[in-house]
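Would you mind keeping the following structure in view while I ask a few things?
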Amino acid sequence: MISRRRLLGGSLAAAAGAGALSGCATVTRSTDIAALNKPVALPTYKRFDGPKPDLPRSHPLMPDCFYKFPAHPVKVTDGPPADGSDISGSVPTSNPIPPSADRNPYWQELNHRLGSKLDLTITAATDYVNKFATAVAGDTLGDLFNVDGAFAYLPQFLEARAQDLTEYLSGDAILEYPFLANLSAESWRGCVFSGGIRAVPIQRGVMSSNLLLARQDILDQLGVELGSPTVDELMKVAKAVTDGKKNRWAFALPPTAALSAMFGLPNGWEVRDGKLVNSRELPEHKQMIAVTRQMVLNGVIHPDGVAKNNQKVWFSQGSAVMTQDSYSSIQSFYRRAVSKDFSIGLPVVRDSDGKVGRFLLGSPNNSIAAIKPSSPERTKMLLRVLNWFAAPFGTEEYLFRKFGLPGRHYTLNGTDPQLTKDGSSEVCLGEFPIQYLADGGYPVYFPGHPEGVDVAYNHLKTILPTAVLPPTYGLYSPTQSTKGKILDTRMDSITKDIQLGRADLASWDDAVANWRKSGGDAIRSEYEQALAIQGRK
């Protein structure tokens, strides 16, 4: 999965954004909050009538949960979606880049099923931000392209370089593309800019939310009960499982998602008494930083856990008993497991009153993808291709997209597909990067690990009643677009300095004051205007 916290390519992206758009009239609207946040009728949601989930949907945000892949997946499209013309595109990947089409039987079969040659420029996710800016400047993104959400002047860029899809997708028009219509209204909200639908969502729903994951097998071996901890109880467990001599620490990195829930912090911003307040401005946020500083002092965080990010390896190998990641990461951890007893626990954390901690949801979308402006006929054809990419779980199309060809790319364990060595390489570990152009809703499904489905479902069932979305999701702030990443980086830096003892906790107050003066208050004002324009305040 591409992280929503990908670093913006700083001056390169900003320069490319301004330079590439300098001839467009829309740039003059960069501070027109009303125009940039003008709402539009979202696509009609129509749930796909697919296989019945194995567990009941106890909450509107509950993903579909499946223990096994259906034994008889149904083909739900009639013929190739494309028209025979070549299609180009730009996508990122977090996995090793797959072999090119001339050496990749999966890609060749994909082209056959699409009915057109798909020519993708695939870039490592860590390099995609800079590559995106360069491609914008050179106008080489192609017909379909994943969008860098932190790109400066994003609405203006999309107005200038992306097809306005409103007439094709707004309201009931989307029903011509039934798998895109199967994506939630909240996901589509993140595709609206300047009063138009400018992209399609790469939906992840609650599966993108960060939470605390625990190596349940290690806890069991040590005879330590994690339960549903408060801050103090979590600290006691952390000390009990940490043993530096055995290369084992409690946390791979500071567990800020769990602590945010424990302290009842906002999801970035929150409306209080009619005014937007940022988490950083609250005393509870400062308390959270103090707790992570104490964790470092107690030696319960991996020695490199603040400065580096290798948490997936540490957690998989058992160097860290707990880590912070998303629900959607669970399957990747199963694939990485080096212990046959590997199992994951998802503790429900509690606040100081013993109540379930307020759960902060991630963005409904992993990212978005856009279409190059073209004729109505070609636009409709490209939408049919994206619709095909979004065929949902349980269909024959989904099975091929995620697992490739039987025999070569996967074998069956019961009805569950399991990737072969060729599948891991050619299908990109089951995540061939067409999933960053369009994808179906993300189910709770971990092939070969039905116990993991129960763990995730029980956690979701408990926390969803407390869950809150970021209130500024789907809104655009010009100051956030141009200065937000720089400001966030500064605040992240001072947080790390405090955690590592390079700065005093008291320096946080000065950092917050400087953040407000340098752009935080302007961002607040713009978001407040946008909320009012959309009737959400």
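The values are calculated or read from the model by the stated rules, or taken from the named source; none is laboratory data. Everything quoted here is computed from the prediction, not taken from an experiment. Backbone-built Cβ (ideal geometry, glycine too); neighbour counts: all protein chains shown. Protein only, heavy atoms only, side chains kept; ligands, DNA and RNA dropped before computing areas. Shrake-Rupley method; radii C 1.70, N 1.55, O 1.52, S 1.80 Å.
Which order do the peptides 421-431, 238-248 come out in when sorted by mean C-beta neighbours inside 10 angstrom, highest first?
The most tightly packed comes first, giving 421-431, 238-248.
Which of the lysines could a cross-linker span from K239 if the Cα-Cα distance has to be under 20 Å and same-chain partners fewer than 8 positions apart are dropped?
none
Can you give the FRET efficiency for R536 and V313, using 1/(1 + (r/R0)^6), R0 = 56 Å, r = Cβ-Cβ distance, to the nearest 0.05?
Calculated value: 0.85.
Put +1 on the Cβ of each Lys and Arg and -1 on the Cβ of each Asp and Glu in the chain; which of F193, Q529, P392 then has its Cα farthest toward the positive end of the dipole?
Among F193, Q529, P392, the one farthest towards the positive end of the dipole of the chain is Q529.
Quick one: compute the contact order of region 292-447, relative version, from alpha carbon pairs under 8 angstrom and 6+ residues apart, as a percent.
17
With every protein chain in place, what's the accessible area of S88 (1.4 Å probe, Å², nearest 10)?
40
Near the amide H of T123, under 5 Å away, which other amide H atoms are found, from residues 5 or more places off or on another chain, if H is placed in the peptide plane?
V91, T93
Sticking with this one: Please express the Cα-Cα pair-distance distribution P(r) of region 249-333 as a list of whole percents, one per 5 Å bin, running from 0 to the bin with the greatest distance.
That works out to 3, 14, 21, 20, 16, 13, 7, 4, 2, 0, in percent per bin.
Ratio of alpha-carbon Rg to the 2.2 N^0.38 Å globular estimate for region 56-112, to two decimals, please.
1.69
Follow-up question, since we're still on this one. FRET efficiency for D504 and V468, Cβ-Cβ distance as r, R0 = 25 Å, nearest 0.05?
With R0 = 25 Å, the Cβ-Cβ based efficiency is 0.20.
Another question about this same structure. Rounded if a/c is under 1.5, else prolate if a/b beats b/c, else oblate: with a ≥ b ≥ c from the C-alpha gyration tensor eigenvalues square-rooted, which is region 346-494?
oblate
Is the shape of region 427-537 best called rounded, prolate or oblate, per the rule: a/c under 1.5 gives rounded, else a/b larger than b/c gives prolate, else oblate, with a ≥ b ≥ c the square roots of the Cα gyration tensor eigenvalues?
Cα axes put region 427-537 in the prolate bin.
Next question. Determine, from the Cβ-Cβ distance of D497 and K239 and an R0 of 35 Å, the FRET efficiency 1/(1 + (r/R0)^6), rounded to the nearest 0.05.
With R0 = 35 Å, the Cβ-Cβ based efficiency is 0.90.
How big is the accessible area of L141 in square angstrom, nearest 10, if you roll a 1.4 angstrom probe over the protein chains?
Number for this one is 20 Å².
Enumerate the aspartates and glutamates that K372 could reach by cross-link, defined here as Cα to Cα under 16 Å, with residues fewer than 8 away along the same chain left out.
D86, D119, D139, D143, D148, E159, D164, E167
Setting aside same-chain residues fewer than 8 positions from K312, which aspartates and glutamates have a Cα under 15 Å from its Cα?
Within the straight-line limit of under 15 Å, K312 reaches these aspartates and glutamates: D304, D325.
Give me the accessible area per residue for region 459-531, probe 1.4 Å, as a whole number in Å².
44
So what J values fall out for region 243-258 if you push phi through Karplus, 6.51 cos²θ - 1.76 cosθ + 1.60 with θ = phi - 60°, rounded to Hz, Gly and Pro as x?
Taking θ as phi minus 60°, the curve returns 8, x, 5, 9, 6, 9, 10, 5, 10, 6, 7, x, x, 5, 5, 5 Hz for region 243-258.
Hey, any idea what % of region 261-339's accessible area is carbon plus sulfur with a 1.4 Å probe?
So the carbon and sulfur contribution to the accessible surface is 46 percent.
Let's see if you can work this out: charge +1 on each Lys and Arg Cβ, -1 on each Asp and Glu Cβ, no other charges. What is the dipole magnitude of region 232-317 about its Cα centre, in debye to the nearest 20?
With Lys and Arg at +1 and Asp and Glu at -1, about 360 debye.
How much accessible area per residue does region 217-343 have, in Å², with a 1.4 Å probe?
On a per-residue basis, 43 Å².
Can you pull the accessible area of D49 for me, 1.4 Å probe, Å² to the nearest 10?
Solvent-accessible area, nearest 10 Å²: 140 Å².
Is the shape of the chain best called rounded, prolate or oblate, per the rule: a/c under 1.5 gives rounded, else a/b larger than b/c gives prolate, else oblate, with a ≥ b ≥ c the square roots of the Cα gyration tensor eigenvalues?
Oblate.
Cross-link list K46/K117; K38/K117; K245/K308; K275/K496: which exceed 26 angstrom alpha carbon to alpha carbon?
K46/K117; K38/K117; K275/K496, as the Cα separations exceed 26 Å there.
Shifting gears a bit: Percent relative contact order of the chain, based on C-alpha pairs within less than 8 angstrom and at least six residues apart?
25
Ok, one more. Given H placed 1.01 Å from N in the peptide plane, which residues other than close sequence neighbours of I344 have an amide H under 5 Å from its amide H?
Correct list: Q216.
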